[in-house]
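A quick write-up on the structure given underneath.
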Amino acid sequence: MARIAIVGVGAIGGVTAALLQQAGGHELFLCTRRPMPGLAVETPDGLVEVRAVFVNEPAEAPAVDWVLVATKAYDVMGAAKWLERLCSKGAPIAVLQNGVEHRERFAPYVATEKILPVMVDCPAERQASERVRQRGVMHLKVPDIAIGSEFVELFAGSPADASVVPDFLSVVWRKLCFNSAGALSALVLQPAGVVRGEAMGEVALEIIRECAAVARAEGAHLEDNIAEVILDAQRAAPADSINSMLADRQAGRPVEIDARNGVIVRLGRKHGIATPANSMVVALMEAMAVKK
C-alpha cells in the first residue's frame with residue numbers, strides 16, 4: 001500500500017486518518033505542531049483508535065508516497081514547512097481544504113501538476129486534541145485525472161465515498177455555496193439551527209445566491225434554485241451541529257473567512273458582480289474574529 005502523511009489533524013484530518021486505517025495496509029504519519037498522545041475517532045460504525053507515527057517537527061518528517069494537507073486554509077505557510085522533506089521523493093499533495101483556490105494556495109511550494117484539489121464534505125467535530133466525532137459519511141471528490149484516481153484508490157475498502165468527477169469546478173463551487181452561509185452561525189455564535197428562523201433564512205439565501213452568481217461567472221454549472229435547495233438541506237441538518245468556522249470562533253482561533261466568503265467578494269469584483277451580503281459578512285467577521 002502507501003506511506004501517507006497527513007498534515008493537520010483536526011476534525012477532517014482525524015476522520016481521514018481513521019478511514020485510511022480502515023482501508024488497511026497503509027503506513028500513516030500524522031504531522032502536528034503539538035505532541036498528541038494518540039487519536040481516537042468516533043465514527044458512525046464505532047470507535048477507531050488510529051495507529052500512526054506522530055511527527056511534531058518538519059525536520060524529522062520522512063519521505064512519503066502521498067501528502068494529505070488538512071490544515072485550515074489560512075495556515076498554508078505552516079503546512080508548507082512540512083513539504084520539503086515529505087515530498088523529497090516526488091510525492092503529490094492532496095489539498096483537503098475549504099474554498100476553491102486549492103492549487104493557487106500551494107503553487108508557490110509545489111509543482112502544479114503535483115497538487116490535487118479535494119472537495120471534502122463530512123460532518124465532524126474535534127472534541128478534544130486527541131478525539132474526533134464523525135457524524136456522517138465523508139465524501140471526497142477529486143478531478144478526473146491520473147493522480148485523482150490514485151488518490152481515490154487509497155480509500156478502497158474504507159467507508160469513505162471517494163470518487164473522481166468530470167466537472168470538479170461545479171462540485172467545488174457547489175460546496176462553497178453551502179459553506180458560504182455557514183458564516184452566519186459563526187457571526188451570531190449559534191449552531192446550525194439558527195438558519196431555521198425566517199429572517200436568518202432570508203439572509204442565508206442572499207449569501208448563497210451571490211456565491212452562485214460568481215460560480216457561474218467562473219464556469220460552474222449550478223441549478224437555478226440552488227440557494228433554496230441548500231437552505232432546505234441546512235434546515236434539515238441537526239440543529240446543534242457546529243461548523244468549523246463557529247468552532248474556531250468559540251475557541252478563539254482565526255477563521256477561514258477569506259477562503260469561504262472573501263473569495264466570493266474578490267472574484268465577484270473581478271466579474272463585475274455585486275456581493276453586498278458576502279461583503280458585509282467579511283467586514284463583520286474581520287472586525288469580530290480573534291486573529292493570532
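The values are calculated or read from the model by the stated rules, or taken from the named source; none is laboratory data. None of these values were measured; they are calculated from a predicted model. Positions of Cβ are backbone-derived with ideal geometry, glycine not excepted, and every protein chain shown enters the neighbour counts. Only protein heavy atoms, including side chains, enter the accessible area calculation; ligands, DNA and RNA are left aside. Shrake-Rupley method; radii C 1.70, N 1.55, O 1.52, S 1.80 Å.
Restricting the stretch 170-190 to residues that are among the aliphatic types (A, V, I, L, M) and within 17 Å of Ala251 (Cα to Cα), the residue that is most open to solvent (accessible area, probe 1.4 Å) is Leu189.
Go through the stretch 218-252 and give me each residue that's open to solvent by less than 70 Å² (accessible area, probe 1.4 Å) and polar (S, T, N, Q). Gln234, Ser241, Asn243, Ser244, listed by residue number.
Restricting attention to the stretch 146-169 and to residues that are open to solvent by less than 10 Å² (accessible area, probe 1.4 Å) and in contact (Cβ under 8 Å) with a residue 40 or more places away in the chain, the residue that is nearest to Trp66 (Cα to Cα) turns out to be Phe151.
Does Val120 satisfy being closer than 19 Å to Asn243 by Cβ, among the aliphatic types (A, V, I, L, M), modelled with pLDDT of 95 or more and not in a strand (DSSP E or B)? Steps first, answer last, please.
On the way: closer than 19 Å to Asn243 by Cβ: yes; among the aliphatic types (A, V, I, L, M): yes; modelled with pLDDT of 95 or more: yes; not in a strand (DSSP E or B): no.
When the stated conditions are applied, Val120 does not pass them.
Among the residues of the stretch 10-32, those that are closer than 19 Å to Val76 by Cβ and open to solvent by 10 Å² or more (accessible area, probe 1.4 Å) comprise Gly10, Ala11, Ile12, Thr32. Just to confirm my filter: which strands (runs of 3 or more DSSP E) fall fully inside the stretch 1-111 and include at least 1 residues that are among the charged types (D, E, K, R)? Strands (runs of 3 or more DSSP E) meeting the threshold: 3-7, 27-31, 40-43, 46-49.
Looking only at the stretch 9-34, residues that are modelled with pLDDT of 95 or more and among the small types (Gly, Ala, Ser) come to 5 in all. Within the stretch 185-204, residues that are over 18 Å from Asn261 (Cα atoms) and modelled with pLDDT under 95 reach partners that are of a type in the set (D, E, K, R) and outside any helix (DSSP H, G or I) with beta carbons closer than 8 Å, at six or more positions or on different chains, in the pairs Pro191/Asp240; Gly193/Asp240. Taking Ala287, is it at pLDDT below 95, open to solvent by 70 Å² or more (accessible area, probe 1.4 Å) and in a helix (DSSP H, G or I)? Taking the combined requirement at face value, the residue satisfies it.
Residues are listed down the side, and each one gets a yes or a no for (1) open to solvent by less than 20 Å² (accessible area, probe 1.4 Å); (2) over 29 Å from Val48 (Cα atoms); (3) over 13 Å from the mean Cα position of the chain (by Cα):
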residue: Val69; (1), (2), (3): yes, no, no
residue: Lys72; (1), (2), (3): no, no, no
residue: Asp75; (1), (2), (3): no, no, no
residue: Ala79; (1), (2), (3): yes, no, yes
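Could you check, for the stretch 224-231, whether at least one of its residues is modelled with pLDDT of 95 or more and small (Gly, Ala, Ser)? The answer is yes, given that some residue of the stretch 224-231 is modelled with pLDDT of 95 or more and small (Gly, Ala, Ser). Of all residues in the stretch 261-281, none satisfies the criterion of being within 16 Å of the chain's Cα centre (by Cα) and open to solvent by 10 Å² or more (accessible area, probe 1.4 Å).
Say whether the condition of being of a type in the set (Phe, Trp, Tyr) and open to solvent by 70 Å² or more (accessible area, probe 1.4 Å) is met by at least one residue in the stretch 98-111. Within the stretch 98-111 (the criterion being of a type in the set (Phe, Trp, Tyr) and open to solvent by 70 Å² or more (accessible area, probe 1.4 Å)), the answer is yes, since at least one residue qualifies.
Quick check on Pro62: is it at pLDDT below 95, surrounded by fewer than 16 Cβ atoms within 10 Å (Cβ to Cβ) and not hydroxyl-bearing (Ser, Thr, Tyr)? No; evaluated as a whole, the condition is false for this residue. Val95 fulfils the conditions (1) more than 13 Å from the chain's Cα centre (by Cα); (2) at pLDDT 95 or above; (3) not basic (Lys, Arg) except for a single criterion, (1).
Can you name every residue in the stretch 132-145 that is surrounded by fewer than 17 Cβ atoms within 10 Å (Cβ to Cβ) and either closer than 28 Å to Lys89 by Cβ or modelled with pLDDT of 95 or more (or both)? Val137, His139, Asp144, Ile145 - these are the residues of the stretch 132-145 that are surrounded by fewer than 17 Cβ atoms within 10 Å (Cβ to Cβ) and either closer than 28 Å to Lys89 by Cβ or modelled with pLDDT of 95 or more (or both).
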